[in-house]
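Derivation of every value follows stated rules applied to the coordinates shown; laboratory data play no part. Just so you know, these numbers come straight off a predicted model, no measurement behind them. Please note: Cβ atoms are built from the backbone with ideal geometry, for glycine as well, and neighbour counts cover all protein chains shown.
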Amino acid sequence: MTFQDLGISPGLCEALRSRGIKEATAVQERAIPVLRAGRDAIVQSQTGTGKTLAFLLPLLEKIKPQADVAQALVVTPTRELAIQIAKVADYLGESLGVSSLVIYGGQDIERQKMKLRRQPQLIIGTPGRLLDHLRRGTLDLSHVNKVVLDEADEMMKLGFIEDVEVLLKASAGDRQFLLFSATVPDRVKALAAQFMRSPERIEIKGNHVILEDIEQVVLATTEEGKLDKLCGLINDEQPYLMMVFCHTKQRVHQLVMALAERGYLVDELHGDLTQTQRTLVLRRFRKAELQVLCATDIAARGLDIEGVTHVVSYDIPRDTESYIHRIGRTGRAGRQGKAITFVNARQYDRLRRIEAGIKEHIRSQKLARGRAAKKTATKGTDAQDSQQARSVSRRPRAAAKVLKHRHKRPSTKVAGKRNKKKTSNFRHEKQKS
């Protein structure tokens, strides 16, 4: 079904066509008519199914460009997700004359105040910073009659539900309230019961989509052998872009340092980075200047990066919901992807619970080359194979500099043979970092 068939305005349809978007996804087909009718809705759909357009299109059409007040609010759990939604809202809103503003922590609050004085009609932001502006009196939500809560389940996990309740109470009494989430836990249901009026429940069965577009495998390992297994996996699979998930920031940092020492182009994404550092890391990953991005679940929540071919759960997910969100970073927009989960002998019970949650058995895989796991990155191949050979080019010093000096672009020159002095210097730099 096309967006024109769904009643979307010609201006928005043209803006979508200019981006190569012509056909609506399942969640868009079912949600857009309900949202255009002005009804409250709980939309349950997995990541990568097109939820952003499902709420932005009807939202933008209902905003009155001639009214210089905030009329719609989109609340997200993470800065990255807020930024992504804002980018889509910018190019769609331009065709309608609708102005939007993204607000999140880590930005200069005085600059945000100045932008809020320009009266944007659509505001996208994270709960903490939105609440900060509301208490300062620099954000007026009294005319906001359309509120979207995206990734509601993650909002609950991070403890933002109380902040969301304050924001909802500050909005217009006749608001339309929309919840979008991969799962709908009891706390989210309670929020809906408190603030929604006879909501429409839309559930997109997404397990089949995941299984069709993402090859899921399990790799048996031990805690001591994980690093070698990961290196062997990279050497065997030759991923274009790979995301590797760990449970904690410390685990992420340790893994990144170990991979950098072996010569892989790698960086980290977690809560200890400043917003500038996070932006630079993601920019480099999107440009494929990095091949491997190691991240925590929260930091990578909602990321939509084109070209991610592999997702590795270095630490097995704690539940089915986390598993779905992790593997949803690949296989997006109909493209193929692969998800690999590392499991040790004591974690098969957790794996069985994940399989029960997705209603599918995940097959086991062995590395194609047993000895590859114990090798560090090998020397690059011919120029025509350089795109695939990035993972095995000898550049440990450049990779280490990515961690120490993110504002500097690492050298693109491929290092020659390393002598003992260079190896000593690299180890010294690593110890200092």
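Provide, in order from the shortest bin, the percent of all Cα-Cα pairs of the stretch 10-203 in each 10 Å bin, continuing until the bin that contains the maximum pair distance. Taking all Cα pairs of the stretch 10-203, the binned fractions are 9, 39, 39, 12, 0 percent. Sorted fewest first by neighbouring Cβ atoms within 10 angstrom, R346, R278 come out as R346, R278.
Start at zero, step by 5 Å, and the Cα-Cα distances of the stretch 114-270 spread as 1, 6, 13, 14, 12, 11, 11, 11, 9, 7, 4, 1 percent across the bins. Comparing A89, A54, T183 along the charge dipole axis of the stretch 10-203, the residue lying farthest to the positive side is A89, per the Cβ-charge model. To the nearest 20 debye, what is the magnitude of the charge dipole of the stretch 224-335 about its Cα centre, counting +1 on the Cβ of each Lys and Arg and -1 on the Cβ of each Asp and Glu? Magnitude of the dipole: close to 320 debye.
3J(HN,Hα) couplings calculated from phi for the stretch 107-119 with the Karplus curve 6.51 cos²θ - 1.76 cosθ + 1.60 (θ = phi - 60°) are, in sequence order, 8, 5, 5, 5, 5, 5, 4, 4, 5, 5, 5, 7, 6 Hz; Gly and Pro show x.
Between A288 and R17, the FRET efficiency estimated from the beta carbon spacing at R0 = 30 angstrom works out to 0.65. The dipole here belongs to the stretch 10-203: it is taken about the Cα centre, uses +1 on the Cβ of Lys and Arg and -1 on the Cβ of Asp and Glu, and is about 340 debye. Each peptide among 155-163, 320-328, 242-250 gets the average number of other Cβ atoms lying within 10 Å of its residues, and from highest to lowest they stand as 320-328, 242-250, 155-163.
Rg to Rh for the stretch 220-310: what is it, with Cα atoms only and Rh by Kirkwood?
0.94
Spin-label model, S9 to D186: label points 7 Å out along the Cα-to-beta-carbon direction sit 4.4 nm apart. Full extension of the chain between D236 and T248 gives 1.7 nm of extra length, using 0.36 nm per residue less the Cα-Cα distance. Lys-Lys pairs in the stretch 40-188 that are eight or more residues apart or on separate chains and whose Cα atoms lie under 24 Å of each other come to 24. A protection proxy built from the mean count of other Cβ atoms within 10 Å ranks the segments 51-63, 190-202, most packed first, as 51-63, 190-202. In this rough spin-label picture, where each label sits 7 Å from Cα along the Cβ direction, the R346-D174 distance is 6.0 nm. Ordering of 26-35, 172-181, 75-84 by packing is 75-84, 26-35, 172-181, highest average first (other Cβ atoms within 10 Å, averaged per residue). The stretch between L134 and E355, if pulled fully straight at 0.36 nm per residue, gains 75.2 nm over its current Cα-Cα span.
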